[in-house]
Amino acid sequence: MNYSAKNRYESPFCSRYASKEMQYIFSPDKKFKTWRKLWIALAKSERELGLPITKQQIAELESVAEKINYEVAEEREKLVRHDVMAHVYAYAKQCPNAAGIIHLGATSCYVGDNADIIVMRDGLGLIQKKILKVISLLSDFANKHKNLPCLAYTHLQPAQLTTVGKRATLWLNELCMDIKHVESLISSLKLLGSKGTTGTQASFLELFDGDKAKVKKLEEKIADRMGFDGVVPVSGQTYSRKIDYYVCSVLAEISQSAMKFSNDMRLLQNFKEMEEPFEKNQIGSSAMPYKRNPMRNERITALARYVIVDVLNSALTAGTQWFERTLDDSANKRIAVAEAFLGVDSILNIMINVCDGIVVYPKVIHKRVMDELPFMATENIMMAAVKKGGDRQKLHEKLRQHSLAAAAVVKQEGKKNDLIERICRDESFGLSESEIRSILKPENFIGLSSDQVDDFLQEVVRPILDSDLDISKINSTLTV
């Protein structure tokens, strides 16, 4: 870190959490280089449609597209108080022969809004790859532990059994839902296009001497050059700010799934059944050297909460736009949208790290299962006794009494659950101890858990992982 910068605020997203890749996507350099690409796309498209723009002018624009003279732009902006016009001026200084055709017919939102859509698309692409990496890691985990019985909970009270792998499919399923929404949103994004000051395209209609077909064709060409299949059908000066809301909502959906995962992991770490990776020299507590706190999962929870709440910014911004546009969106959206992306990027970085090294303690899991299984097995024991001629109603009452007594021993005396011993001593069940003990096999109580894992991984997860994205190139040791 540059220690000379210690006397001013720096976003933790930049210094602690978000990846360099996502930070670059929302960087000024990415934005301003995208502006220049848009100006080049505009000039090329206008030239192809007959405006007096030369190949030499376009070549001049392309020659310095990546060499932004930031000092000139910054000095100009101090004078004119307008970032777009400052960059038009700076670009023109580098391209004196093309100065007159830069930004021809366009308004500020031509570069501003179109660049925002491009940046959000690129950000969603990176998010998509990282979700795929998490899905890949969790699918391996689910498959590995699909047969390991564990306690399942309703109301955070022990219910029946499930398996560790089956529980992981619950996390996976939500992420699979999320990635489908991300993919759908990416495919549906449209450029603003070249709509002009109030969305009427009046300036372009004048440029093309009233030729409506050329005005429409201009947008098609720009969209194609920027990698989009179209532009928004109508707009004011800006694209509808509901687009930002849709984007932030998808990011919030991912955050919800991540929070569910991290909260479950925090509880499991408390139960000592599973825990997040713990580095060799990591310190869990400044006061208690023995502690292994779920710090990564707590961080996921914290960041997820931030992103979920952040959606309100884009919702309120969308709802308070006046007529064809106001500028009260600008300051808010450049913070809210960027930080939603940085937040989810941070969350997924941590999830990749956690899911790549989840620690499982089978013996602890088995002990906890066996502490509760006698209660869960009572119906199976009753059915076995009925098959040997027992009276169901009488046996049900016996089991109720024994269960209450055993629960009192556990809760009031702090002793081991002795329900099975009580049943073994009760001759009315007509079952030997070995017969009763044989019922107490955890694998007999997991239902279709293992089969459900196999089916889910094959039918839902595998098609997603077989997509064209190369998840192997995503580093599993991203910023944590």
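Read-outs throughout are calculated quantities, based only on the coordinates presented, and are distinct from any laboratory measurement. Computed from a predicted model, the values in this text were never measured in an experiment. Here Cβ is always computed from backbone atoms with ideal geometry, including for glycine, and neighbour counts include all displayed protein chains.
Shown here for the stretch 49-113: trypsin sites (Lys or Arg not before Pro) in loop regions (DSSP other than H, G, I, E, B) with at most 16 other Cβ atoms within 10 Å, namely 67, 81. Here the label points at residue 187 and residue 240, each 7 Å from Cα along the C-beta direction, are separated by 2.0 nm in the simple model. Taking the empirical scaling 2.2 N^0.38 Å for compact globular proteins as reference, the stretch 186-332 has a Cα radius of gyration ratio of 1.64. The mean sequence distance of close C-alpha pairs (under 8 Å, at least 6 residues apart), as a share of the length of the chain, puts its relative contact order at 20 percent. Values of log10 I(q)/I(0) for the stretch 77-156 across q = 0.27 Å⁻¹ run -1.21, by the Debye formula with one identical scatterer at each alpha carbon and no solvent. Computed over the stretch 327-480, the P(r) tail beyond 29 angstrom holds 51 percent of alpha carbon pairs.
Find, to one decimal place in angstroms, the Kirkwood hydrodynamic radius of the stretch 378-439, where the mean of 1/r is taken over every pair of different Cα atoms and then inverted. Across the stretch 378-439, the inverse of the average 1/r is 11.8 Å. In the chain, the longest principal axis of the Cα atoms and the axis of helix 330-355 are about 40 degrees apart.
In terms of the mean number of neighbouring beta-carbon atoms within 10 Å, the peptides 322-329, 371-378 order highest first as 371-378, 322-329.
Taken over the stretch 25-101, the convex hull of the Cα atoms encloses 88 Å³ per residue. When you count the other C-beta atoms within 10 angstrom of each residue and take the mean per peptide, 263-271, 414-422 line up highest first as 263-271, 414-422. The stretch 70-129 and the stretch 316-335 have Cα centres separated by 19 Å.
Binned at 20 Å from 0, what are the whole-percent values of the Cα-Cα distance distribution for the chain, short to long? Using 20 Å bins, I get a P(r) of 20, 39, 25, 12, 4, 0 for the chain.
The distance separating the Cα centre of the stretch 227-265 from that of the stretch 380-413 comes to 54 Å. For the chain, the longest principal axis of the alpha carbon atoms and the long axis of helix 242-271 meet at an angle near 30°.
With the helix formula -39500 (n - 2.57) applied to DSSP H stretches of n ≥ 4, the chain reaches a computed 222 nm mean residue ellipticity of -20500 deg cm²/dmol.
Computed from Cα atoms, the angle from the helix 295-319 axis to the main principal axis of the chain rounds to 50 degrees. Each residue of the stretch 188-235 gets 67 Å³ once the volume of the Cα convex hull is shared out per residue. Of 438, 249, the sequence from fewest to most neighbouring Cβ atoms within 10 angstrom is 438, 249. A simple packing score, the average count of other Cβ atoms within 10 Å per residue, orders the peptides 14-22, 210-218 as 14-22, 210-218, with the highest score first.
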